[in-house]
Amino acid sequence: MPVLVYWGEDDFAMEKAVNSLRDRILDPLWTDFNYSYFAPDQSDAAIAALNQAMTPAFGAGGRLVWLMNTNLCQQCPENVLAELTRTLPVIPENSYLLLTSRNKPDERLKSTKLLKQVTTEFREFSLIPPWKTELIVQAVQQAAQTVGVQLAPKTAELLAEAVGNDTRLLYNELEKLRLYHLDHKKPLDVETVSKLVRNTTQNSLQLAAAIRTGDTGKALTVLTDLLNAAEPGLRIVATLIGQFRTWLWVKIVTDSGERNPQAIAQAADVSNPKRIYFLQQEVKFLSVQQLISCLPLLLELEVSLKQGSGEISTLQTKVIELCQICKGNGKYI
């Protein structure tokens, strides 16, 4: 039963996986006959895809049927569930059915449970949280090996800071570096990369740092840069929430008297204990109460954006309030 389910927010990584799957399954001479995709706006897309998957492949290679951006793992009508139950177990061996979605599958649904039972691959393509900088650096190093670019350790950190968790931008920049460094055998140094890779404006972690120091002017400037770069408001908020939660846990555990970096890292969900010293320095002049007071504001901000409030004005208002709390002028809970 060659059924595959890909889901997650990393569109670029998912696109690369789909292209690799297509190249592996399809014979180039028979692609027009054996490759079909169904967009979510097509009527009865799921039923049509299942029917197409039951058709044996023509000529050489296999058949690939792609059900794009499907919501079968979020909601599934009874008639479609019945068709899934009937069709999935009898799909021909050389016919592959691929389902993709940005949304996380609902594990409670019968359709999700059925697909997990029969799929040969149930794979998540998630973006690395922007505040998990060590994981982003690791992803940069892995991508560099894939593309064939040699990076010095500091160079990887610089590139990670520039591109963040944007996988598409990472591969574009690495390809540019590969072409520039084609005839060189030494790893790329920081000076070269800093000239070739433009730091993609301010990032949300820099916004968090400006808020932490109570620098309202800088925080609003960074926020404006983020919005001008079309950074989604909810993604900005997610980064801020993650960063402030990390700071809060580091502060709470440190204030409790714990001195072991490994223990603090485990409590704060920080993968690299060596980061603990720097995090402790960052929250040195903030109290636990200040950090606690920031989280309800961030949650209010998240709810407001999800309810459709004006993105720019809402973000600016909450950023000012957060800066006042961190500066010591805000009201504590």
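Brief remarks follow.
- Surface composition of the chain: carbon and sulfur atoms hold 51% of the protein heavy-atom accessible area at a 1.4 Å probe.
- Applying the Karplus relation 6.51 cos²θ - 1.76 cosθ + 1.60 with θ = phi - 60° to the range 210-215 yields 3J(HN,Hα) values of 5, 5, 4, 8, x, 8 Hz, where x marks Gly and Pro.
- Residue by residue, the range 105-112 carries 3J(HN,Hα) couplings of x, 7, 5, 7, 6, 5, 5, 5 Hz when phi is fed to the Karplus relation 6.51 cos²θ - 1.76 cosθ + 1.60 (θ = phi - 60°); x denotes Gly or Pro.
- Comparing LEU223, LEU115, LEU207 in a Gaussian network model of the chain where C-alpha atoms under 10 Å apart are linked, the largest mean-square fluctuation is found at LEU115.
- Start at zero, step by 10 Å, and the Cα-Cα distances of the range 55-155 spread as 12, 32, 23, 20, 11, 1 percent across the bins.
- When peptides 63-73, 306-316 are ranked by their average number of other Cβ atoms within 10 Å per residue, the highest-first order is 63-73, 306-316.
- Amide H contacts under 5 Å for LEU151, placed H, 5+ residues apart: LEU188
- Ranking GLU83, GLU78, GLU157 by solvent-accessible area of protein heavy atoms (1.4 Å probe, all protein chains present), from largest to smallest, gives GLU78, GLU157, GLU83.
- Charge tally around LYS154: other residues with Cβ under 11 Å, Lys/Arg +1 each, Asp/Glu -1 each, net -4.
- Using θ = phi - 60° and Karplus 6.51 cos²θ - 1.76 cosθ + 1.60, couplings along the range 44-59 (whole Hz; Gly, Pro as x): 6, 4, 5, 5, 5, 5, 5, 5, 5, 5, 7, 7, x, 5, 8, x
- For the pair the range 310-327 and the range 1-63, the centres of their Cα atoms are 46 angstrom apart.
- Neighbour net charge for VAL137 - beta-carbon separation under 12 angstrom, K R +1, D E -1: 0
- Cα convex hull of the range 110-181 - mean projected area over all directions, nm²: 6.4
- Accessible surface for the chain, divided over its residues, is 54 Å² per residue with a 1.4 Å probe.
- From the C-alpha gyration tensor of the range 81-121, square roots of 5λ in Å: 18, 13, 8
- Computed over the chain, the ratio Rg/Rh where both radii use C-alpha atoms and Rh is Kirkwood: 1.05
- Only Lys, Arg (+1) and Asp, Glu (-1) charged, at Cβ; the chain dipole about Cα centre in debye: 780
- Each Lys or Arg adds one and each Asp or Glu takes one away; over the other residues whose Cβ falls under 12 Å from the Cβ of VAL288, this sums to 0.
The values are calculated or read from the model by the stated rules, or taken from the named source; none is laboratory data. Since the structure is predicted, the reported quantities are computational estimates derived from the model, not experimental observations. Positions of Cβ are generated from backbone atoms using ideal geometry, with glycine treated the same way; all protein chains shown enter the neighbour counts. SASA here: full protein model, heavy atoms, side chains in, ligands and nucleic acids out. Shrake-Rupley method; radii C 1.70, N 1.55, O 1.52, S 1.80 Å.
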